[in-house]
Structures are given as structure tokens and as C-alpha cells.
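Here the structure is laid out as C-alpha cells; the discussion comes afterwards.
The values are calculated or read from the model by the stated rules, or taken from the named source; none is laboratory data. None of these values were measured; they are calculated from a predicted model. Neighbour counts run over all protein chains shown; Cβ positions are idealised from the backbone, glycine included. These area figures cover heavy atoms from the full protein model, side chains too; ligands, DNA and RNA do not enter into them. Shrake-Rupley method; radii C 1.70, N 1.55, O 1.52, S 1.80 Å.
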Amino acid sequence: IEAAGTVVVFSAGNEGPDLFSIGSPASRWVSPYNSFAIGATDSLGRIANFSSRGPTACDSTSIKPNICAPGKNVISIASVNYNFRFVRVNGTSFASPYVAGLAALMKQANPMLSAREIKQLMLETAVDGGQPGPDYAYGYGAIDPSAIFNLIPAPETPVLYTKRVVTTETV
């Protein structure tokens, strides 16, 4: 999927704070770019107590999660008996869509970016948390959208969008 240009991210899981608690498929390790695991932070960028931690059971040393994003006290909509209301929810399942949406915005800013380049920008600009350098709680750190967009290179050739006009004729 990523060879086709799609950025794939996985929720790390909500089994923290224990080590080796990253769930599958987020626990798979090949490089920092494959099986990109997303942990959860609170609104101040601190690791959420429930966010799963590395390393992975796959090799016992890999840095997981790769990066963290807001996933604690996220405002969402819930339906109870067809009555919709706003609720506060927790989980890495709310942090991962944040990262996926950010990846989509990055791709819109520069359609030439590969999935690997998008993830590299996320890792390079992450705000370090916990121990200095990558660790098993924050990974490379908390995602920093402002820093990312300050580094995104402009596309080499402008992307031109054309409006498709559909007409109908009476015969």
C-alpha cells in the first residue's frame, strides 16, 4: 500500500504503561517507517498512562511507538439510542486518525512526498518527551504539525486542478 503512496499508521494499543505492550500489527519491526505505531498523549503532550509501550516482542529492542499524538480526552461524537452527543474519549485509536489526517494534509501541501518522506518529516520534527532521544514511551516524541509544515518542501512543479464540467444535451 505504501509503495502506491499511501501512508499507513497503526494504533499502538491501550495496554500501558507496561513495557512490551504494543499490539499487533503495530509491533512489527522492519525499519522506523514500516508498521508506524502511534501512541497517545494528553493535551499538554505528556504520554497517556494507558498508551502501550515498547519494545516489541518481535526483537526486544525496537523503538515503539514511533510517534505520539493527542489521544486523551479527545472530544468525539457518540450515539446513544440515536441521540448524538459530544463525549470525551481516550485511546490510541484516536491518536492514529490525528496522524493519518496530518499525513493527508502533508500530501496535499506537496503531492510529490512519498509515504517514507512524510513519516521521516514526522520523526525529525517530533517534540522529544521522557528520556532524551527515542524511548519506549514516546518513541521519537510528540507530533508537531507546525514544525512539519515549516519543513515541507514546495512541489517542484505546481499542481493544477481542473474543474470537470459535465453537460447534458437533449436529443
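The alpha carbons of the stretch 1-67 stretch over 35, 28, 14 Å along the principal axes, in descending order. Backbone geometry of the stretch 117-130 corresponds, through the Karplus equation with coefficients 6.51, -1.76 and 1.60 at θ = phi - 60°, to 3J(HN,Hα) couplings of 5, 4, 5, 4, 4, 4, 5, 5, 9, 4, 8, 4, x, x Hz, x marking Gly and Pro.
Of the solvent-accessible surface of the stretch 1-97, computed with a 1.4 Å probe over protein heavy atoms with every protein chain present, carbon and sulfur atoms account for 55 percent. Couplings 3J(HN,Hα) of the stretch 55-60, computed from phi: x, 8, 6, 5, 8, 6 Hz, in residue order, whole Hz [Karplus 6.51 cos²θ - 1.76 cosθ + 1.60, θ = phi - 60°; x for Gly and Pro].
Between the stretch 1-61 and the stretch 112-136, the alpha-carbon centres lie 13 Å apart. When you restrict to C-alpha pairs under 8 Å that are six or more residues apart and normalise by the size of the chain, the relative contact order lands at 22 percent. Let me check I've understood the local charge: for ASN49, count other residues with C-beta under 10 angstrom from its C-beta, Lys and Arg +1, Asp and Glu -1. What total comes out? Residues near ASN49 contribute +1 overall. Summing charges over neighbours of PRO111, with a neighbour being any other residue whose Cβ is under 14 Å away from its Cβ, gives -1 when K and R count +1 and D and E count -1.
Across the chain, the convex hull enclosing all Cα atoms gives 182 Å³ per residue. Loop-located chymotrypsin sites (Phe, Trp or Tyr not before Pro) in the stretch 47-107 (DSSP state not H, G, I, E or B) with no more than 13 neighbouring Cβ atoms inside 10 Å: TYR82. For the chain, the mean residue ellipticity at 222 nm estimated from helices alone is -6500 deg cm²/dmol, where every DSSP H run of n ≥ 4 contributes -39500 (n - 2.57) and the total is divided by all residues, rounded to the nearest 500. Here the Karplus curve 6.51 cos²θ - 1.76 cosθ + 1.60, taken at θ = phi - 60°, turns the phi angles of the stretch 71-81 into couplings of x, 10, 6, 7, 7, 9, 10, 10, 10, 10, 6 Hz, with x standing for Gly and Pro. The mean accessible area for residues of the chain, using a 1.4 Å probe and ignoring ligands and nucleic acids, is 59 Å² per residue.
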